[in-house]
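Read through the structure below, which is laid out as C-alpha cells, and then see the notes.
The values are calculated or read from the model by the stated rules, or taken from the named source; none is laboratory data. These figures come from a predicted structure and were not determined experimentally. Here Cβ is always computed from backbone atoms with ideal geometry, including for glycine, and neighbour counts include all displayed protein chains.
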Amino acid sequence: MRNANIESLLRTFIGCGKTDFLFSALNMPSMLHDWEAGTVTRAELAQAMNMALFEDLLERSSNGRTYTNDAIAGGGSVHFDHGALRTVRWPHNGALPPGEGAFTRILRPLGFRLNGRYPLDKLGMTGRAYVHADAPDEIAQFFLSELHPERFSKAFQSAVTNVVKSSKDPLTPLTISQLSDLERDGSLPLDVAHELLPVIVGAFARQHEMPAEADYEALLRESAEMAWIATEGNAFNHATDRVEDVFALSESEKAKGRPMKPDVERSRSGRVFQTAYRADRVKREFRSLDGGIVTREVPGSFYEFITRKRTFDQQERRWQTDLRFDAGNATGIFKMTAQAAN
C-alpha cells in the first residue's frame, strides 16, 4: 500500500507517470507504511524529496536510467542508499549561503542529522554525511561536500568568485518560515507541504549564471570538482543503489559493456564497498571571450553502487547496517567526474 501523503505530493509535483515509476523503483521505509491523512511528517517530506531528486538524477544520467529500468524489469528495485552533492565554502557566493549551509537549513528541519565528517584533502574538500533520525537505515542519506578555494591558487580563487558571485538563493522567506515550523513541530499540513516540496527540490540545482569559458578552464587546471560545480552547480552529483554484492554487480555490468569504474573501492574498516559508472557526458554552454556562446561536452552526473556490511549489536540485540562512509572511497568515487572536458 502506498503512503497517500507522499503519493499526493509527488503526483502534484512531477505527475502520475513519474510517481508510479518511483513507487515501483525505490524502497519505501517501513515506518512510512502508516500515515495520517492531511498531515505530512518530516520523514514523509524527506522521502518525497529524495524520490523527486532520484528522478531528477535519472533525467541527467542515461546510464542510471538504463540500470534502474533493468532492475525493475528483472523483478527487483533500488534501495536508495544516498545522494551526493557538492558545494563551495566561499564568501563571494552571491545570495546563496556558503558551503553546506545552503542545504543543512533544509536537511535539519526534515530530520537529518550529522553522522560523520570526512576530510577529502587530496581534493581540497571536506565531506559530511547526514542521516535521517527517524529511519537511518531506510531513508537515503546525503553526502554533502564543501570545496575550499583558499587551498588553491589566487587565479583559481578569482575564477571561483567569477562563477559563483551571481548565485541566487532559491529559498524564499516563506520557505524558511515553513521549514522553521517543520523543525519545531515535526510535521506540516498537506497543503503547506505541497508548497514547500518544489522549492526545496529546486535548491538542488545550479544557482549561478552561465560560466565564462576562461573561468572554467582556470578551474579545470586545478580542480575537476570545482569545474564540475561551475557547470552543474548543486545538482545531485550521484545517486546510489545499495546492493548485496557490489563485486558481483561490477563484473556483471562490465560484461554488459557498461562504463564501470575499473576497481571497487574498499573502506579501511573492510565493511563498505563502492563502485560506479563513469559520469554521463552532457553539453553545457559557456560565455566566450568575444562575448558569444560556445557549447562543450563535459562530465555530468553518474550512478553509484554500494555494499554495506552489517554487525550484530549486542546491546540492542539486532543487526545494524554500517552507515558510515570512507574518505578514501569517496576520493576514488569522485574521480568519476574527473574526465577531461572537450
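So the values come out like this:
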{"read-out": "Some residue of segment 39-49 being in contact (Cβ under 8 Å) with a residue 40 or more places away in the chain, among the aliphatic types (A, V, I, L, M) and closer than 30 Å to GLU150 by Cα", "value": "no"}
{"read-out": "So ALA71, is it more than 22 Å from HIS132 (Cβ to Cβ), among the small types (Gly, Ala, Ser), assigned to a helix (DSSP H, G or I) and out of contact with any helix residue (DSSP H, G or I) (no Cβ under 6 Å at 6 or more places or on another chain)", "value": "yes"}
{"read-out": "Near pairs, Cβ below 6 angstrom, 6+ apart or cross-chain, from segment 186-200 (surrounded by 14 or more Cβ atoms within 10 Å (Cβ to Cβ)) to any residue that is part of a helix (DSSP H, G or I) and hydroxyl-bearing (Ser, Thr, Tyr)", "value": "HIS194/THR12; VAL199/THR175"}
{"read-out": "Test: residue in segment 75-89 that is surrounded by fewer than 23 Cβ atoms within 10 Å (Cβ to Cβ), in contact with a Pro (Cβ under 6 Å, 6 or more places away or on another chain) and modelled with pLDDT of 95 or more", "value": "yes"}
{"read-out": "Among the candidates LEU188, LEU144, LEU96, residue that is under 26 Å from ALA218 (Cα atoms), among the aliphatic types (A, V, I, L, M) and assigned to a strand (DSSP E or B)", "value": "LEU144"}
{"read-out": "Residue count for segment 26-47, restricted to those that are aliphatic (A, V, I, L, M) and under 19 Å from the mean Cα position of the chain (by Cα)", "value": "5"}
{"read-out": "From the options ARG128, ARG151, residue that is of a type in the set (Lys, Arg) and over 16 Å from GLY83 (Cα atoms)", "value": "ARG151"}
{"read-out": "Counted residues, segment 22-47 - those being assigned to a helix (DSSP H, G or I) and either basic (Lys, Arg) or surrounded by 15 or more Cβ atoms within 10 Å (Cβ to Cβ) (or both)", "value": "11"}
{"read-out": "GLU209 being over 20 Å from the mean Cα position of the chain (by Cα) and outside any helix (DSSP H, G or I)", "value": "yes"}
{"read-out": "Single match in ILE333, ILE306 (criterion: closer than 21 Å to LEU220 by Cβ, touching a residue at least 12 places away in the same chain (Cβ under 8 Å), touching a His at 6+ places or on another chain (Cβ under 9 Å) and buried (at least 17 other Cβ atoms within 10 Å of the Cβ))", "value": "ILE333"}
{"read-out": "Qualifying residue in segment 146-168 (condition: under 30 Å from LEU32 (Cα atoms) and either free of Cβ contacts under 8 Å to residues at least 60 places away in the same chain or not charged (D, E, K, R) (or both))", "value": "no"}
{"read-out": "Filtered residue count, segment 295-342, keeping only those that are at pLDDT 95 or above and closer than 21 Å to ASP241 by Cβ", "value": "10"}
{"read-out": "Selection within segment 248-270 - under 23 Å from the mean Cα position of the chain (by Cα) and either surrounded by fewer than 17 Cβ atoms within 10 Å (Cβ to Cβ) or touching a residue at least 60 places away in the same chain (Cβ under 8 Å) (or both)", "value": "GLU253, ARG258, PRO259, LYS261, PRO262, ASP263, GLU265, ARG266, SER267"}
{"read-out": "Residue identified as under 16 Å from the mean Cα position of the chain (by Cα) and aromatic (Phe, Trp, Tyr) among PHE23, PHE13, PHE54", "value": "PHE54"}
